[in-house]
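Heads up: the structure comes next, in structure tokens.
The values are calculated or read from the model by the stated rules, or taken from the named source; none is laboratory data. All of these numbers come straight from a predicted model, not from anything done at the bench. All Cβ positions, even for glycine, are placed from backbone atoms using ideal geometry, and neighbour counts span all protein chains on display.
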Amino acid sequence: MADDPVLLITGASTGIGAATARHAAEAGWRLVLAARSEDKLQKLADELGGSERAIAQRCDVAQWDDQEALFKAAVDAFGRVDAIFANAGFGAKRGFLEETPDFWKSMVETNVTGVAFSIRAALPHFNERGTGHFVITSSVAGRRPLPGSLYAATKHAVTAMGEGLRQELRQNPDGRVRVTLIEPGLVATPFFDDPPEDGLEAEDVARAVMYALEQPEHVDVNEILVRPTAQRT
């Protein structure tokens, strides 16, 4: 049990994050669950085995101090972290006259700066151990522009960040730290006010995450693009 791998998940209280936590728990991972919603987070941690198997830590990923505290709590609880799933993020209405400037700022800070902070918090630990795995939620929207979509621009940034991280890590020929971008299409989760009827389920994306995590150490699955069958673009 003390040798079971440790996965840290941001945005873990609902949707893809919570589904991935459940799949990972079934596969024998110990879990560090992070989100801003403390009640949902603690309920999930209790469901997945309590403090011996899963801990909950409130974290606003856009705040560096929160990310530092999160990673410290993970190491204090379990002695190490084997993988981090940087999953926290949210969207906005399309149209550059929609939403408010403050809403835009919050989205960019969460979706882009939050991922960068997760990388920065975990990277020294992974480098020291010579192994580790970054799994990062991007989107099909991170592959092509969408009309009036600042959200798509944030996911383009995340896609570039993931590849930039992979290239940086490969400068160390002895390192075994891996990077996977998860790029879902439409997913029926609380991300949407009106979830798409023909969208993916959160569990579909969770299985993609687990596929990447469960590969042998010499296999680095860099990108997984997964759309619902009905999605055209």
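Check whether at least one residue in segment 46-64 is surrounded by 16 or more Cβ atoms within 10 Å (Cβ to Cβ) and on the phi > 0 side of the Ramachandran plot, and report yes or no. Scanning segment 46-64, I find no residue that is surrounded by 16 or more Cβ atoms within 10 Å (Cβ to Cβ) and on the phi > 0 side of the Ramachandran plot, so the answer is no. Within segment 27-52, restricting attention to residues that are in a loop (DSSP other than H, G, I, E, B) and small (G, A, S), the residue that is nearest to A88 (Cα to Cα) is S37.
Is one or more of the residues making up segment 3-24 more than 26 Å from L200 (Cα to Cα) and β-branched (V, I, T)? Yes - at least one qualifying residue is present in segment 3-24.
One line per residue, one yes/no per condition, for (1) among the aromatic types (F, W, Y); (2) part of a helix (DSSP H, G or I); (3) modelled with pLDDT of 95 or more:
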{"position": "G95", "(1), (2), (3)": "no, no, yes"}
{"position": "S106", "(1), (2), (3)": "no, yes, yes"}
{"position": "G114", "(1), (2), (3)": "no, yes, yes"}
{"position": "A122", "(1), (2), (3)": "no, yes, yes"}
{"position": "H125", "(1), (2), (3)": "no, yes, yes"}
{"position": "I136", "(1), (2), (3)": "no, no, yes"}
{"position": "K155", "(1), (2), (3)": "no, yes, yes"}
{"position": "N172", "(1), (2), (3)": "no, no, no"}
{"position": "D194", "(1), (2), (3)": "no, no, no"}
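The criterion of being touching a residue at least 12 places away in the same chain (Cβ under 8 Å) and in a loop (DSSP other than H, G, I, E, B) does not hold for L165.
If you check P173, P228, P147 for being in contact with a strand residue (DSSP E or B) (Cβ under 9 Å, 6 or more places away or on another chain) and surrounded by fewer than 19 Cβ atoms within 10 Å (Cβ to Cβ), only one passes: P228.
Okay, residues lined up against (1) basic (K, R); (2) free of Cβ contacts under 8 Å to residues at least 12 places away in the same chain; (3) farther than 29 Å from Q167 by Cβ; (4) exposed (fewer than 14 other Cβ atoms within 10 Å of the Cβ):
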position: V81; (1), (2), (3), (4): no, no, no, no
position: I84; (1), (2), (3), (4): no, no, no, no
position: K93; (1), (2), (3), (4): yes, yes, yes, yes
position: E98; (1), (2), (3), (4): no, no, yes, yes
position: D102; (1), (2), (3), (4): no, yes, yes, yes
position: G114; (1), (2), (3), (4): no, no, no, no
position: A122; (1), (2), (3), (4): no, no, no, no
position: R129; (1), (2), (3), (4): yes, no, no, no
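Pairs linking a residue in segment 180-202 that is farther than 18 Å from S138 by Cα and surrounded by fewer than 22 Cβ atoms within 10 Å (Cβ to Cβ) to a residue that is modelled with pLDDT under 95 and of a type in the set (A, V, I, L, M), with Cβ atoms under 6 Å and 6 or more positions apart or on different chains, are P195/A188; P196/L186; P196/A188; D198/A230.
Here I55 meets each of (1) within 19 Å of L123 (Cα to Cα); (2) in a strand (DSSP E or B) with one exception, condition (1).
T131 meets all of the listed conditions (1) at pLDDT below 95; (2) out of contact with any Leu (no Cβ under 7 Å at 6 or more places or on another chain) but one, namely (1).
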